Each structure stands twice: as structure tokens, then as C-alpha cells.
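The structure appears below as C-alpha cells.
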Amino acid sequence: GGSDLIGQAKAGTGKTLGFGIPALSRLVAPGDDEWSQQPEAKKGKPQALIIVPTRELALQVATDLEKAGRYRGVRVLCVYGGRAYEPQVESLQRGVEVVVGTPGRLIDLAKQGHLNLKHVATLVLDEADEMLDMGFLPDVERLVSLVPAVRQTMLFSATMPGQIVALARRYMSQPTH
């Protein structure tokens with residue numbers, strides 16, 4: 001339905017398709033009839049952003065979403081540090097509908113002007129408590145400030161420490177827990 005959602009579940013419980021299917025269903029992909037009606041400025045720009053704490057989780061989420069969106073031609077890009085920028089930049093230039101990544105690399109790509117988040121309609125913060133533990137909260141807040149205010153936000157966390165609750169209050173609109 002597009003409303004904001006807080007999911008509380010331990011890592012490894014199968015949340016990916018829980019947020020992935022709604023995210024994929026809300027976007028317009030090259031294989032969709034509506035694609036030709038999209039403004040050119042919006043085509044190939046990310047419509048869903050999934051922020052995760054680790055490269056391992058980024059790879060797993062991206063792989064699952066690629067499989068789920070394959071028949072519609074959904075293009076998924078996985079970005080994380082420790083690998084060359086060039087292939088990630090080239091993918092962004094070719095166009096993607098979904099970006100899955102770690103906070104540091106996402107910020108780097110946005111700062112360099114390669115990652116345009118102005119058309120993101122779905123924002124997912126996966127394993128938010130892990131991101132807090134790893135010191136990523138300021139980076140996550142910076143990324144959230146780069147996406148449109150009108151969007152669906154889904155936050156998933158195994159625990160709900162005060163800083164995560166505050167984050168949810170600040171960036172979500174009447175979320176269902």
C-alpha cells in the first residue's frame with residue numbers, strides 16, 4: 001500500500017523479499033508498458049534505495065532482487081567499498097532501477113555526482129541496529145536527506161534501541177510496526 005513500515009526481525013529470517021517485492025512492484029522497469037510514458041530525465045535513475053551495513057548483505061540482497069525482478073527487466077546495482085568505482089559508475093550511467101549498498105560507498109557516489117537519488121520512491125534501511133553499532137547512523141541520515149521527502153520508507157532491525165526509534169520518528173510517517 002505504500003505506507004511506512006518498521007519490521008523487527010533477526011538477521012537471516014527472510015526479510016529481503018518482504019521489502020523487496022513491494023519495492024519492485026512500485027517501480028517502473030524497462031520491461032513494463034509504462035516505461036515509454038516515463039519522462040526521459042527519470043528513466044534509468046534509481047527508484048528504490050536499499051541501505052545495508054555490510055558488503056555481504058549487499059550482495060545477498062542484490063542477488064535476491066535481481067532474481068525477483070528478472071522477468072520485468074529490473075536493473076539492480078550493488079555498491080560497496082573495497083572494489084573499483086568504475087564498474088559501479090558505468091552501471092549508473094547505463095541506468096538502474098534499484099541500488100543496494102553500504103552507506104560509505106553510496107555517499108561517495110552521490111558526492112561525486114554519479115548517484116542521483118531524486119527519483120527514489122522506496123527507501124529501505126535493512127539491519128538498522130547493525131548500522132548503528134558500526135557507526136553508520138550519521139551516514140544513513142545524510143543519505144535519507146538526499147531522497148525525496150515523499151516516499152515509502154521501510155526500516156528493519158533485530159532490536160529497537162533509542163537511536164533507531166528516534167531515526168524512525170524523524171524520517172517515517174505513521175509507520176506500521
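The values are calculated or read from the model by the stated rules, or taken from the named source; none is laboratory data. Please read all numbers here as calculations on a predicted model, not as lab measurements. Neighbour counts run over all protein chains shown; Cβ positions are idealised from the backbone, glycine included. Side chains included, ligands, DNA and RNA excluded: accessible areas come from the protein's heavy atoms. Shrake-Rupley method; radii C 1.70, N 1.55, O 1.52, S 1.80 Å.
Scanning region 163-176 for residues that are farther than 21 Å from Val150 by Cβ and either at pLDDT below 85 or of a type outside the set (S, T, N, Q) (or both) yields Ile164, Val165, Ala166.
Name the residues in region 136-152 that are among the aliphatic types (A, V, I, L, M), closer than 14 Å to Leu49 by Cβ and open to solvent by less than 40 Å² (accessible area, probe 1.4 Å), would you? Those that are among the aliphatic types (A, V, I, L, M), closer than 14 Å to Leu49 by Cβ and open to solvent by less than 40 Å² (accessible area, probe 1.4 Å): Val140, Leu143, Val144, Val147.
Taking the stated definitions as given, is Val79 closer than 21 Å to Asp139 by Cβ, surrounded by 14 or more Cβ atoms within 10 Å (Cβ to Cβ), over 15 Å from the mean Cα position of the chain (by Cα) and of a type in the set (A, V, I, L, M)? Taking the combined requirement at face value, the residue does not satisfy it. Contact annotation: residue pairs with Cβ atoms under 9 Å, 6 or more positions apart or on different chains, pairing a residue in region 149-171 that is more than 18 Å from Pro46 (Cβ to Cβ) with a partner that is open to solvent by 60 Å² or more (accessible area, probe 1.4 Å) and among the aromatic types (Phe, Trp, Tyr), are Leu155/Tyr171. Apart from one condition, Leu24 fits all of (1) at negative phi; (2) over 13 Å from the mean Cα position of the chain (by Cα); the exception is (2). Just so you know, in region 110-125 the residues that are more than 14 Å from the chain's Cα centre (by Cα) and of a type outside the set (Lys, Arg) include one that is surrounded by the most Cβ atoms within 10 Å (Cβ to Cβ), and it is His114.
In this structure, is Ala29 closer than 23 Å to Arg72 by Cα, out of contact with any helix residue (DSSP H, G or I) (no Cβ under 6 Å at 6 or more places or on another chain) and open to solvent by less than 60 Å² (accessible area, probe 1.4 Å)? So Ala29 fails the test. Within region 121-140, residues that are in contact (Cβ under 8 Å) with a residue 60 or more places away in the chain reach partners that are among the hydrophobic types (A, V, I, L, M, F, W, C) and open to solvent by 30 Å² or more (accessible area, probe 1.4 Å) with beta carbons closer than 7 Å, at six or more positions or on different chains, in the pairs Glu127/Ala11. Region 1-116 holds strands (runs of 3 or more DSSP E) entirely within its bounds, and those carrying 2 or more residues that are modelled with pLDDT of 95 or more map to 48-51, 76-79, 98-101.
Within region 32-50, the residues that satisfy the criterion of being more than 13 Å from Val74 (Cα to Cα) and buried (at least 24 other Cβ atoms within 10 Å of the Cβ) are Leu49, Ile50. Here the condition is being out of contact with any helix residue (DSSP H, G or I) (no Cβ under 7 Å at 6 or more places or on another chain) and either open to solvent by 30 Å² or more (accessible area, probe 1.4 Å) or free of Cβ contacts under 8 Å to residues at least 40 places away in the same chain (or both); of Glu97, Glu90, it holds for Glu90 alone. Of Ala84, Ala128, Ala168, all but one fail to be in contact with a Ser or Thr (Cβ under 8 Å, 6 or more places away or on another chain) and either closer than 23 Å to Leu59 by Cα or surrounded by 14 or more Cβ atoms within 10 Å (Cβ to Cβ) (or both); the exception is Ala128.
Does Gly162 qualify as being out of contact with any Leu (no Cβ under 7 Å at 6 or more places or on another chain) and either surrounded by 21 or more Cβ atoms within 10 Å (Cβ to Cβ) or closer than 23 Å to Ser173 by Cα (or both)?
Considered against the rule, which asks whether it is out of contact with any Leu (no Cβ under 7 Å at 6 or more places or on another chain) and either surrounded by 21 or more Cβ atoms within 10 Å (Cβ to Cβ) or closer than 23 Å to Ser173 by Cα (or both), Gly162 comes out as yes.
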